[in-house]
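Step one of this worksheet: look at the structure below.
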Amino acid sequence: MRFKPFLITTIIIAGGCTQFTPRYFTASPYQKSLILYNEGKTIEAKEKIFEIKKGESDYKMAQELLLKIDRLALKLAERHKDLGEEYERVSLYSVAAQEYRIALNFDPANQLIQKRLKAVEEGRSSLQQEKEQQQPKEPIKVKKTLSPDILAEEHYIKGVAMLESKQYAKAIDVFEIVLKLVPSYKDTENLLAIAEKERGELVDIHLKKGIYYFQKEDLELAIREWDLVLELDPFNKTAIDYKVKAETVMEKMKDIRERSK
């Protein structure tokens, strides 16, 4: 999808990217929500969107932005929930609780995450309880507690497999768990550095490709590249910012076309 460079530049400047500037204070509620979203302030952005009433000119675009915010929030909540469960499985309850709290910031009404958090705060595993409930009742056996070294080895093997299959983001998460279990375990620090380096190089490649397409006004291809970046690094602010700018341009151009009919 191609647009005139001047029009793209004008739209981006109008959207702004810094909160609490004269441009922000004079912006419409929709423009303010874009600025806040671009700064990663999703809760504040949603509050501004709710100020836009049905029938107002920006209402449709505001609702579309709201959907994007909700999708992003659910994705981030799921990621932190998954990390929390990984920590919970190896009995790192305090670290698991941190991840669950972050997840609830993105998805406050998620009852499963609330349940997970309550359990680990009480020093128990909801995952183990669910597993026991699903299995047929058997004579009670004394559960053996695995040593940190055994757990570290299990995750180490898993991390190596992920690294070899180029699942760098997952490998990084697993290697970090290994080091929390047993600091300086084998060559985990070295493997973690390799995974971070490989991920960083891929992120850089796709980020630059996206910017190249953006400058060439191929917005759909640009967004595709930034989606690849966010698969590798979900919190990459540069990719998020550029993607929002591209989507904003596309939405405004779509609105211009509809109004000109």
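Every number here is computed from the coordinates shown, using simple stated rules; none is lab data. Model, not experiment: these values are computed from the prediction. Reconstructed Cβ throughout: ideal geometry from the backbone, glycine too, with neighbour counts over all protein chains shown.
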Among the candidates Leu207, Leu202, which residue alone is closer than 23 Å to Ala73 by Cβ and part of a helix (DSSP H, G or I)? Leu207
Across region 203-249, what is the total count of residues that are among the basic types (Lys, Arg), within 12 Å of the chain's Cα centre (by Cα) and over 24 Å from Glu64 (Cα atoms)? 0
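Can you tell me which residue in region 216-234 is surrounded by the most Cβ atoms within 10 Å (Cβ to Cβ), limited to those that are in a helix (DSSP H, G or I), touching a residue at least 60 places away in the same chain (Cβ under 8 Å) and not charged (D, E, K, R)?
Initial filter on region 216-234 (in a helix (DSSP H, G or I)): 219-232.
If we keep only those that are touching a residue at least 60 places away in the same chain (Cβ under 8 Å) as well, we get 219-220, 231-232.
So of that shortlist, the ones also not charged (D, E, K, R) come out as 219, 232.
Working: Leu219: 22, Leu232: 19.
The qualifying residue surrounded by the most Cβ atoms within 10 Å (Cβ to Cβ) is Leu219.
Can you tell me how many residues in region 179-211 are hydroxyl-bearing (Ser, Thr, Tyr) and surrounded by fewer than 16 Cβ atoms within 10 Å (Cβ to Cβ)? Outline the logic, then answer.
Start the filter on region 179-211 by keeping residues that are hydroxyl-bearing (Ser, Thr, Tyr), which leaves 184-185, 188.
From what is left, the residues that are surrounded by fewer than 16 Cβ atoms within 10 Å (Cβ to Cβ) are 184.
Count: 1.
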Go through region 44-82 residue by residue and tally those that are closer than 13 Å to Ser28 by Cβ and in contact with a Pro (Cβ under 7 Å, 6 or more places away or on another chain). 3
Going through region 159-199 in order, the residues found to be among the hydroxyl-bearing types (Ser, Thr, Tyr) and either closer than 19 Å to Glu99 by Cβ or not in a helix (DSSP H, G or I) (or both) are Ser165, Ser184, Tyr185
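What residue, of Ala62, Ala96, is out of contact with any Leu (no Cβ under 9 Å at 6 or more places or on another chain) and crowded, with 18+ Cβ neighbours inside 10 Å? Spell out the reasoning first.
Values: Ala96 fails: out of contact with any Leu (no Cβ under 9 Å at 6 or more places or on another chain).
Among Ala62, Ala96, only Ala62 is out of contact with any Leu (no Cβ under 9 Å at 6 or more places or on another chain) and crowded, with 18+ Cβ neighbours inside 10 Å.
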Would you check if there is a residue in region 245-253 being over 18 Å from Asp82 (Cβ atoms), touching a Cys at 6+ places or on another chain (Cβ under 9 Å), surrounded by 17 or more Cβ atoms within 10 Å (Cβ to Cβ) and not acidic (Asp, Glu)? yes
